[in-house]
Amino acid sequence: MTTKQVNVTINGKTVSVPAGITVVEAAKMHGIDIPVFCHHPKLEPVGMCRMCLVEIGAPMVDPKTKEVVMENGAPKIAMRPKLETACTNRVFDGMVVETQTQKAMLGQKSTVEFLLTSHPLDCPVCDKGGECPLQNLTMAHGPGKSRFIYDEKIRLDKQVPLGELIYLDRERCIQCARCVRFQEDIASEPVLGFDERGRKMQIVSLSEPGFDSIFSGNTTDICPVGALTTADFRFGARPWELSAESSICTQCPVGCNTTLNTRREAKAGGDIVVKRVMPRQNEEVNEIWLCDKGRFAYHYAESKERLTKPMIRKDGKLSRASWDAATKLAAEKFTKNKKDFVVLASGRLSNEDLFNLKSLADTVGGKAILYSDMGGGDVTKLVGVGAGTNIGKLGKEDAIVVIASDLYEEAPIWWLRVKQAAQRGATLIVANPRGTKLDKFAKHVIRYEHGDEVKTVNDLGKKNKIADEFAKAKNAIIFYGSDGLGVNGTSALASACGSLLKETGHVGRANNGLIGVWQRANDQGAFEMGFEAEADLEKALKGKAVYIAGADPVGDDPNLAKALKGAKFVAVQDLLETATTEIADAVFPAQAFTEREGTFTSGERRVQRFYAAVPVKGDSKPDFAITSMIAKQMGVILEGSSVRVVFDLLSNSIEAFADLNYDKLAETKEQFPIVGRSDMYYGGTTYENVKGLGVQLLPMAQVGGTVRIPKVRKEAALHPKEKEVLAVPINKLYDFGITVSSAELLEQRIGETKISMNSSTAKKLGVDVGKNAKISFDGVSGEAIVNIDDSVSAGVVLVPRSMGLAIREPVVAKVK
């Protein structure tokens, strides 16, 4: 926002506001509400609905002297003859605005009356009832009685599925175009449009399949009436019945701020359940948006497959046991096999859980492994983005590099914000062996061969046009991912990226540094705790006593299943029954993120709190408490009763977290635009953030410590033989992962397993597009549908992770 201020008089009150903002925004900043429908603070103004009609005036200027005409010691104001839209007029010094004159109020009243001519009287059954801008503004500005004849009302379809997630009630639509404009201007997925004219105008989906967008749920938040509703909340509850609790999305490393709406549900046996997930404003993270995965994939926490009681294996079968008996068995086995003790945990766990697990491993001389296909967390701790980073502030003179990552599939909100930074003028450099949806927004697109990731980064440090633009950028951020890479490849790439940033001076300050596009929400937190990813995980688990938390290696990879079946002892703590719990010797039921408190560390190294929203399922316990119980039986004392105390211990032990505590993480500040207050007609049903914006950790480069980037380790290149291909892993937004597959609504988006190759490779292999082909590699085989993507290099096949084909890194494969 501009720093220049101008003086504006609104309803007789003179206020100072930033130059160039709209009259609506200026009034809002000073507690004056101007009614709106089509206007939204995140969208460009269009003046479609005319709800914000006001009177506007300006100081009179003498045409001869060019001086302001004075009257009684003050500028003489000339009011414009007609009412003006407050959403399209921008403030200037000396502007006078009247919102409550008889003329202005008549204009607002007439607009409401016109909008109601064919609007149905659905309020008692409408999902928007209780949080409906049209209801509120009708009460405040409406006529109270309609002058229009009931029989002349237009009748339109009321239950129109725009896609499988969003329903449209055409009678309720007021043609404000918020949804159309969001999809076109914000999401850059123009899949909605208008059809017909006049009173018959209606919203239609322009895509096949319908409403083909991963951001579709946001349109229901900003719809000012009950025209757009989500499939899972439609007719599910009334807004005034719902409780709200702050949380963090667990689906990717962005760390989107959310609100969980809950209600006691008769069909759930009287239990309190989550009814919907809503965005919570955090302008430095997700602004007021969510992707559809984050919005709809919460159902796994309420799955019928939830673990509720501890179990131990007796006579070859798992049977229920007490917490004392189960933890005692695990402790005995781990103590007996201290030299072979391994903790395997995923980034689904909170910082507190991971801290206790790492503490236990360290105390007894075990090893703590992060269940991930990505390395490089040691580099992000050194040269991660500086505290104060806000991608939303990047623009002209700044540069962003995205390498080996398809942000659209891996971290959609980052995709959205990086795209918008490019649209504001930032130099976007996208480097990938194949095409991605970010390419069309990039100033430079670099295509490299698989295996040349490090070379590509090194070339950005040499003398060339692209390298010169990057080096001269005021601020620069690099996103690196695991597209086509495994642990070793990503570790080498992270080191190369870190070295480039250090050499060009883009470390140690806000809006500069390295971001890992991790596979899970808290992988960065795991690296902060000291966990490491393991390239040869099969070897690391073989013949060990393994403590698994929040991971399903058996279900993911038959080679890991083989390794664990030969383990000395396997204890698993998780939410759900999995293939790994089936082979375990001891099983512990863990609480879901919806049932407890804790913190996550996002890919931008922002530590954020989440809060308990629903009661605990069965006898489940938080992961940190389970670890504490096992540790106690092993003679190791770890905090297990208070998550807040665990965090205090964590902050005293780990330098990057020094001086942090739960109270500091819960602090908030005024955010702009102002949304989520009682006036939902302004910003939509986004929730105000009252429970914490989080705190970014300082990277070593920012605190002035020694920054030694690990050396790049070269990997031997793979050389497929005749009739072989190079199979490389890619990430898919919707997959068979346990946190997604349990959401029935997303089944259509998950789809079938597909492998992608270019047309020449398919012809050479003799496989047909759209037909099944058999692929085998590294002891794994399966079938997948052949998809053609001519941006893929010849001789390369893209294999999606977590879609039934166990691939962790590039491998030589056969396809037929």
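Working only within the range 66-101, note down all residues that are of a type in the set (Asp, Glu) and closer than 22 Å to residue 30 by Cα. Spell out how you get there, then give the answer.
Filtering the range 66-101 down to residues of a type in the set (Asp, Glu) leaves 67, 71, 84, 93, 98.
Across the range 66-101, the qualifying residues are 84, 93, 98.
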Those residues of the range 697-754 that are hydrophobic (A, V, I, L, M, F, W, C), in contact with a Gly (Cβ under 7 Å, 6 or more places away or on another chain), at pLDDT below 95 and buried (at least 16 other Cβ atoms within 10 Å of the Cβ) come to a total of 1
Can you tell me which condition residue 554 does not meet? The list is (1) open to solvent by less than 30 Å² (accessible area, probe 1.4 Å); (2) among the β-branched types (Val, Ile, Thr); (3) touching a residue at least 40 places away in the same chain (Cβ under 8 Å), and all the others hold. (3)
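Within the range 560-570, identify whether any single residue is assigned to a helix (DSSP H, G or I), more than 28 Å from residue 602 (Cβ to Cβ) and at pLDDT below 95, and answer yes or no. Break it down stepwise before answering.
Taking the range 560-570 first, the residues assigned to a helix (DSSP H, G or I) are 560-565.
Right, trim to more than 28 Å from residue 602 (Cβ to Cβ) and you get 561-565.
Of the ones still in play, those that are also at pLDDT below 95 are 565.
Yes: the range 560-570 contains one or more residues that are assigned to a helix (DSSP H, G or I), more than 28 Å from residue 602 (Cβ to Cβ) and at pLDDT below 95.
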Residue in the range 621-647 that is farthest from residue 348 (Cα to Cα), counting only those that are within 27 Å of the chain's Cα centre (by Cα) and not β-branched (Val, Ile, Thr): 644
Cβ-Cβ below 7 Å, separation at least six or inter-chain, first residue in the range 185-203 and at positive phi, second surrounded by 13 or more Cβ atoms within 10 Å (Cβ to Cβ): which pairs? 188/419; 196/202
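Across the range 244-300, what is the total count of residues that are among the aliphatic types (A, V, I, L, M) and either more than 25 Å from residue 523 (Cβ to Cβ) or in the same structural domain as residue 220 (by TED's automatic domain parsing) (or both)?
Total meeting the criteria: 7.
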Give all pairs with beta carbons closer than 8 Å in which a residue from the range 356-373 that is closer than 20 Å to residue 554 by Cβ meets a residue that is open to solvent by 20 Å² or more (accessible area, probe 1.4 Å) and of a type in the set (Lys, Arg); count only pairs at least 6 apart in sequence or on separate chains. 368/358; 372/520; 373/808
Failed condition for residue 143, given (1) over 30 Å from residue 11 (Cβ atoms); (2) free of Cβ contacts under 8 Å to residues at least 40 places away in the same chain; (3) not in a helix (DSSP H, G or I), with all others met? (1)
Say we look at the range 602-635 and pick out the residues that are part of a helix (DSSP H, G or I) and polar (S, T, N, Q); which of these is surrounded by the fewest Cβ atoms within 10 Å (Cβ to Cβ)? 633
If you go through the range 127-181 one residue at a time, how many are basic (Lys, Arg), open to solvent by less than 20 Å² (accessible area, probe 1.4 Å) and farther than 17 Å from residue 217 by Cα? 1
Restrict the check to the range 83-95 and report whether at least one residue is closer than 30 Å to residue 236 by Cα, out of contact with any His (no Cβ under 8 Å at 6 or more places or on another chain), without any contact (Cβ under 8 Å) to a residue 60 or more places away in the chain and open to solvent by less than 50 Å² (accessible area, probe 1.4 Å). no
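Every residue, every condition in (1) under 23 Å from the mean Cα position of the chain (by Cα); (2) farther than 30 Å from residue 761 by Cα, yes or no:
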residue: 676; (1), (2): yes, yes
residue: 696; (1), (2): yes, yes
residue: 722; (1), (2): no, no
residue: 730; (1), (2): yes, no
Can you confirm whether the range 183-190 contains a residue that is within 17 Å of residue 220 (Cβ to Cβ), part of a loop (DSSP other than H, G, I, E, B) and in contact with a strand residue (DSSP E or B) (Cβ under 6 Å, 6 or more places away or on another chain)? no
What are the residues in the range 78-99 that are part of a loop (DSSP other than H, G, I, E, B) and within 41 Å of the chain's Cα centre (by Cα), if any? 86, 87, 88, 89, 91, 92, 93, 95, 99
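Kindly indicate the residue of the range 768-780 that is among the aliphatic types (A, V, I, L, M) and touching a helix residue (DSSP H, G or I) at 6+ places or on another chain (Cβ under 9 Å) and also most open to solvent (accessible area, probe 1.4 Å) among those meeting that condition. It would help to see each step written out before you state the result.
Step one: of the range 768-780, the residues among the aliphatic types (A, V, I, L, M) are 769, 773, 775, 780.
Of the ones still in play, those that are also touching a helix residue (DSSP H, G or I) at 6+ places or on another chain (Cβ under 9 Å) are 769, 773, 780.
Values: 769: 95, 773: 2, 780: 11 Å².
My answer is 769.
Within the range 441-536, which strands (runs of 3 or more DSSP E) (wholly inside it) include 2 or more residues that are of a type in the set (Phe, Trp, Tyr) and either open to solvent by 30 Å² or more (accessible area, probe 1.4 Å) or in contact (Cβ under 8 Å) with a residue 12 or more places away in the chain (or both)? Quick ask: steps written out before the conclusion?
Values: elements: 444-446, 475-480, 513-516.
Where strands (runs of 3 or more DSSP E) fall fully within the range 441-536 and carry at least 2 residues being of a type in the set (Phe, Trp, Tyr) and either open to solvent by 30 Å² or more (accessible area, probe 1.4 Å) or in contact (Cβ under 8 Å) with a residue 12 or more places away in the chain (or both), they are 475-480.
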Would a scan of the range 70-78 turn up a residue that is in contact (Cβ under 8 Å) with a residue 12 or more places away in the chain, in contact with a strand residue (DSSP E or B) (Cβ under 7 Å, 6 or more places away or on another chain) and loosely packed, with under 15 Cβ neighbours inside 10 Å? yes
Take the residues in the range 655-665 that are open to solvent by 30 Å² or more (accessible area, probe 1.4 Å) and part of a loop (DSSP other than H, G, I, E, B); name whichever of them is farthest from residue 691 (Cα to Cα). 658
Quick check on the range 335-343. Is at least one of its residues within 29 Å of residue 662 (Cα to Cα) and modelled with pLDDT of 95 or more? yes
Filtered residues of the range 215-235 (kept if surrounded by 24 or more Cβ atoms within 10 Å (Cβ to Cβ) and in a loop (DSSP other than H, G, I, E, B)): 216, 217, 223, 224, 226, 227
Exactly one condition in (1) touching a residue at least 60 places away in the same chain (Cβ under 8 Å); (2) among the hydroxyl-bearing types (Ser, Thr, Tyr); (3) under 19 Å from residue 743 (Cβ atoms) is not met by residue 246; state its number. (3)
How many residues of the range 257-286 are more than 17 Å from residue 692 (Cα to Cα) and in a loop (DSSP other than H, G, I, E, B)? The answer is 4
Please give the number of the condition residue 401 fails out of (1) touching a Gly at 6+ places or on another chain (Cβ under 9 Å); (2) open to solvent by less than 50 Å² (accessible area, probe 1.4 Å); (3) under 25 Å from residue 520 (Cα atoms). (1)
Any chance you could count how many residues in the range 573-590 are out of contact with any Leu (no Cβ under 6 Å at 6 or more places or on another chain), assigned to a strand (DSSP E or B) and over 27 Å from residue 781 (Cα atoms)? 4
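The values are calculated or read from the model by the stated rules, or taken from the named source; none is laboratory data. What you are looking at is a predicted structure, and each value in this text was computed from that prediction instead of being measured. Cβ atoms come from the backbone with ideal geometry, glycine included; neighbour counts cover every protein chain shown. In case anyone asks, the SASA skips ligands and DNA or RNA and just uses the protein heavy atoms, side chains included. Shrake-Rupley method; radii C 1.70, N 1.55, O 1.52, S 1.80 Å.
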